[in-house]
Amino acid sequence: MDAKKLIACRAAQELKDGDVVNLGIGLPTMIPDFLPEGIHITLQSENGFLGLGPLEGEPIPNLVNAGGKPCGMVPGTAFFDSAMSFAIIRGGHVDVTVLGGLQVDQEGNLANWMVPGKMVPGMGGAMDLVTGAKNVIVTMEHATKDGGAKILKRCDLPLTAAGKVRSIITELAVFRFFDGQLVLTETAPGITLEEIRAKTEAQFFVSPDCHEMCLPASVQ
Amino acid sequence: MSTPCKRIKYAELRPRFKDGMSILFGGFMGAGTPDGIVREILESGVKDLTIIGNDTATAVTGIGVLVANKRVKRVIASHIGTNPETGRQMIAGELDVELVPQGTLAERIRCGGSGLGGVLTPTGVGTVVEEGKTKLSFDDIEYLVERPLRADLAILKACRADDKGNLVYQRAARNFNPLMALAGDYVVAEVDEIVKAGEIDPELVMTPGILVDALILAGEK
């Protein structure tokens, strides 16, 4: 089972028909491939448009996504400037933002924009998105490449925003924040609670309704 | 009737280039950046620039070539990760980089050109972005006071202009351009096409011509 596909597939199930969604670079951009039947979303792009679609045929000049890569657009697309783009983002007009994470902690803090001394790409639009979107979902692999925990008691990397994360989806589990508490709500097929505990530093509750992720056979 | 917008050639910009000057540039990963004007800046030899815009593109595209050729001493941007040269010079202490959340950057520039003393934003509260800034609280929400940005020169890219300087941008190339048009002491737009006044539907004008000091037809020497 491919971890990234599993995460993208599970994250796609979080989206509702009609949602305005901003997807971060990397794994989140795989989500549209896994949308359940009948769910249609509008994608918002930081660089100033609503109506992002997949690239079909040859690249069209100045039709690029927030990563600067050629993309497509759907009928009804709207272009606008960066102030409008971030009025939409900060003003609560984006229903869901899905972003990657370097660390998330049990207070709902997210760190995903820099590793001091090593990687300082800048926050781009991430701080505004996490501050302003109605629902913030972090999709990431559960542990670092060295097996270190990423879901922590307290982030030690510089934060993207404080206390804004609503859900965390990994290849092992789904966590949600309820009243400021981190709660395990789903486990991936074949994954035990012990394994999740071993790979999670944060303190979390286990929901009485905790159940196995319901995934289509294609990603299992 | 207002006077026509001055039409110039790239070389006529040179007297405006001064070592240490500040430049606002339109564009997002190079889309919407006036590559011909950037080339003119590069070839002029002007240095110690402060550049203000969304990102530093790559070492060989957009504004990024000015960084790669060491013409820049300070960058104010939201993202530098796609141009390894920006990060390298920053870590080596050769380049001062101020990272600003993208929405905050847009608003600071809009303020700079709109007669506003700043903007209150919740973005950055509880992060390193709040360091050294005034915080205000209204209705139990904390905001940072973010101050305006302006520059000596603003460089824009548009697909179409009329001879009054009214601008139309193409697709996602609009991005920061309309904001930069507000906040430069001198504003120049590189455009793919210049038409007579009246040939752009007034309803479709994206940047009013009075904000634009000069037009350059892209590629015209």
Residue list for the stretch A:28-44, filter: outside any loop (DSSP other than H, G, I, E, B) and closer than 29 Å to A:A83 by Cβ: A:P28, A:T29, A:I31, A:P32, A:T42, A:L43, A:Q44
Which numbered condition A:E107 fails, given (1) within 15 Å of A:P158 (Cα to Cα); (2) within 8 Å of another protein chain (Cβ to nearest Cβ): (2)
Filtered residues of the stretch B:88-110 (kept if at the interface with another protein chain (Cβ under 10 Å from one of its Cβ atoms), touching a Leu at 6+ places or on another chain (Cβ under 9 Å) and more than 15 Å from A:M127 (Cβ to Cβ)): B:I109, B:R110
Qualifying residue in the stretch B:112-124 (condition: closer than 30 Å to A:P61 by Cα and in contact (Cβ under 8 Å) with a residue 12 or more places away in the chain): yes
B:R71 being more than 23 Å from A:P61 (Cα to Cα), of a type outside the set (D, E) and within 11 Å of chain A (Cβ to nearest Cβ): no
Verdict on B:A77 being under 16 Å from B:K157 (Cβ atoms), crowded, with 21+ Cβ neighbours inside 10 Å and within 13 Å of another protein chain (Cβ to nearest Cβ): no
For B:Y143: the one exception among (1) in contact (Cβ under 8 Å) with a residue 60 or more places away in the chain; (2) in a strand (DSSP E or B): (1)
Single residue of B:K164, B:K133 found to be surrounded by fewer than 23 Cβ atoms within 10 Å (Cβ to Cβ), touching a Leu at 6+ places or on another chain (Cβ under 8 Å) and either within 12 Å of chain A (Cβ to nearest Cβ) or not in a strand (DSSP E or B) (or both): B:K133
Filter pass, B:A172 being over 21 Å from A:A133 (Cα atoms), more than 9 Å from chain A (Cβ to nearest Cβ), modelled with pLDDT of 95 or more and in contact with a Leu (Cβ under 9 Å, 6 or more places away or on another chain): no
Given (1) closer than 21 Å to A:T77 by Cα; (2) within 15 Å of the chain's Cα centre (by Cα), number of the condition B:L182 does not satisfy: (1)
Test result for B:I41, buried (at least 24 other Cβ atoms within 10 Å of the Cβ), within 15 Å of the chain's Cα centre (by Cα) and assigned to a strand (DSSP E or B): no
The stretch A:2-42: number of residues that are within 20 Å of A:R166 (Cβ to Cβ) and touching a Phe, Trp or Tyr at 6+ places or on another chain (Cβ under 9 Å): 6
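The values are calculated or read from the model by the stated rules, or taken from the named source; none is laboratory data. Just so we're clear, the structure is a prediction, and the values are computed from it rather than from any experiment. Quick reminder, even Gly has a Cβ in these numbers, built from the backbone with ideal geometry, and neighbours come from all protein chains shown.
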